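The values are calculated or read from the model by the stated rules, or taken from the named source; none is laboratory data. Predicted, not measured: the structure shown is a model, and the values here were computed from it. Counting neighbours? That spans all protein chains shown, and the Cβs are built from the backbone with ideal geometry, glycine included.
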Amino acid sequence: MGLTTKQIEAARHSMGPERIHDGNGLYLRLFAGGAKVFELRHARGGKPGWITLGRFPEIGLRRARDLAGAARLMLERGIAISELRALLKQGDVAALEAVFEEPGEAMPLATAMPSFRELAKIWFEQKKLGLRNGKHIQQNWNTIETYVFPHFGDRRIDEITVADVIAAIKPIWHCKHETAKRTLGRTKEIFALAKIKQLRADNPADFSTRIALGRVLRRKGHFGALAHEQMPEFWDWLQNVRCECQTRQLAMLMILSAKRTKETRLAQWSFFDSEAAIWTTPEELMKMGRNHRVPLSRQMAVVLDNMSLLTGDHRQIFAKPGNRSGVVSENTVLNLVKRFDPEITGHGFRATFKTWARRQKRYEADAIEFALAHEQDALESAYQREDLLEEREQLMQDWADYVTRGRDPVRLRDLTSG
């Protein structure tokens, strides 16, 4: 916890420890005669020692921190202790500044301790380079900005305590538990960066959450999935329910392909090879970070033909220029399927597909996992170089025939020609 000027003014010898720590090796030493001196602790040659920076109030707290930062850097550069002490004698501060500057490079003396917010910005700029999903990137920053900054965003990074972190996380620990866990994890990373930069020696976000915040009783949730026996019934309902045609086609393609909602919504015409009957989703849209191929069933081809009449002049299949994303929104298709059953989700159809496929007991487990674009472990990936596309052709056609009872979706060309 950093010192304040008021604390320094009130401090007296014999009322506590002889030296009071401000942070980063800077101490205020109290003498019996009333003198108060700023000192920097060092460990040159592995042996602890002290360097006097100046008396208070001749030099203030901010100036002492600046001098401490400059002295630490000079020690790192190899300056002799005796030379540094000579430069730090009262009246020789200008000489220290002169040494601290190098030709052609402005080297400011001040090395002020950053605030949590300032260090968080450095952490975020580094972290987002390793993230690809725009929504996920923004979530990393938004959780810190929403739940942490109001508590101690503008305080010095070395002033923040475990109690401060607990106070920030506690209000959402039980009601928004997953968000709270992620926020705490990101806060811990920021303080870990502070340790790496030698801005503090501990990590106040590293504590037992069970002791500090209490246990959270919860059941592990899964995406609501429709029983596979109900899929033909749902398909029939989907053909007749009143909804926007584009939303209906999106739901059908999601079901028939067992693809994730995002992968289907953002599909582009260039992803499809009609002659080879293959849909290839590029790696930047895939959760596993690799291209994913799906063999097109007869029914999927009909859906694509329908969409060519609706959005064939756009780059994206499910284009919606009026929407912020430029395509049909995720909530639009989610709201549609919930009209059939409030407990199910669009993503849950993938679980329905997997359950059905495993119950058939005639498809290789690897083929099913490739169909769902699930990440394999490192050993399996090393030996399994193919994506079993030929095996999956029959799997996807069998699934489509089961869902549709062997019938094709309504062809929009037939309706327009009539």
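Below are the figures for this structure:
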read-out	value
Criterion (touching a helix residue (DSSP H, G or I) at 6+ places or on another chain (Cβ under 7 Å) and at pLDDT below 85) met by exactly one of Asp387, Asp408	Asp387
Filter pass, Phe271 being surrounded by 15 or more Cβ atoms within 10 Å (Cβ to Cβ), more than 24 Å from Ile344 (Cβ to Cβ), at pLDDT 90 or above and among the aromatic types (Phe, Trp, Tyr)	yes
Unmet criterion (only one of (1) buried (at least 22 other Cβ atoms within 10 Å of the Cβ); (2) modelled with pLDDT of 90 or more) for Ala319	(1)
Contacts under 7 angstrom Cβ, first residue in the stretch 166-195 being free of Cβ contacts under 8 Å to residues at least 60 places away in the same chain, partner of a type in the set (Asp, Glu), 6 or more apart	Lys188/Asp206
One residue from Arg55, Arg63 being assigned to a helix (DSSP H, G or I) and at pLDDT 80 or above	Arg63
Entirely in the stretch 224-335, the helices (runs of 4 or more DSSP H) that have 2 or more residues that are closer than 20 Å to Val410 by Cα	231-240, 245-257, 298-311
Which listed residue, of Thr183, Thr187, Thr161, is in contact with a Phe, Trp or Tyr (Cβ under 6 Å, 6 or more places away or on another chain), outside the structural domain of Lys262 (by TED's automatic domain parsing) and either at pLDDT 90 or above or among the small types (Gly, Ala, Ser) (or both)	Thr183
Residues located in the stretch 66-83, provided they are touching a Phe, Trp or Tyr at 6+ places or on another chain (Cβ under 9 Å) and either surrounded by 17 or more Cβ atoms within 10 Å (Cβ to Cβ) or in a loop (DSSP other than H, G, I, E, B) (or both)	Leu67, Ala68, Ala70, Met74
Hits in the stretch 20-56 (condition: more than 23 Å from Asn203 (Cα to Cα) and touching a residue at least 40 places away in the same chain (Cβ under 8 Å))	Phe56
Contacts under 8 angstrom Cβ, first residue in the stretch 275-291 being closer than 20 Å to Leu256 by Cβ, partner of a type in the set (Phe, Trp, Tyr), 6 or more apart	Ile278/Phe272; Trp279/Phe271; Trp279/Phe272; Thr280/Phe271; Thr280/Phe272; Thr281/Phe271
Which listed residue, of Thr352, Thr281, is buried (at least 20 other Cβ atoms within 10 Å of the Cβ), over 20 Å from Leu238 (Cβ atoms) and of a type in the set (Val, Ile, Thr)	Thr281
Criterion violated by Arg12 - all others in (1) surrounded by 14 or more Cβ atoms within 10 Å (Cβ to Cβ); (2) modelled with pLDDT of 80 or more satisfied	(1)
Which numbered condition Asp158 fails, given (1) in a helix (DSSP H, G or I); (2) of a type in the set (Asp, Glu); (3) under 25 Å from Trp141 (Cα atoms)	(1)
The lone exception for Trp237 - which of (1) exposed (fewer than 14 other Cβ atoms within 10 Å of the Cβ); (2) touching a Phe, Trp or Tyr at 6+ places or on another chain (Cβ under 7 Å); (3) not charged (D, E, K, R) it fails	(1)
Which listed residue, of Ala35, Ala80, Ala70, Ala43, is over 40 Å from the mean Cα position of the chain (by Cα), modelled with pLDDT under 85 and hydrophobic (A, V, I, L, M, F, W, C)	Ala80
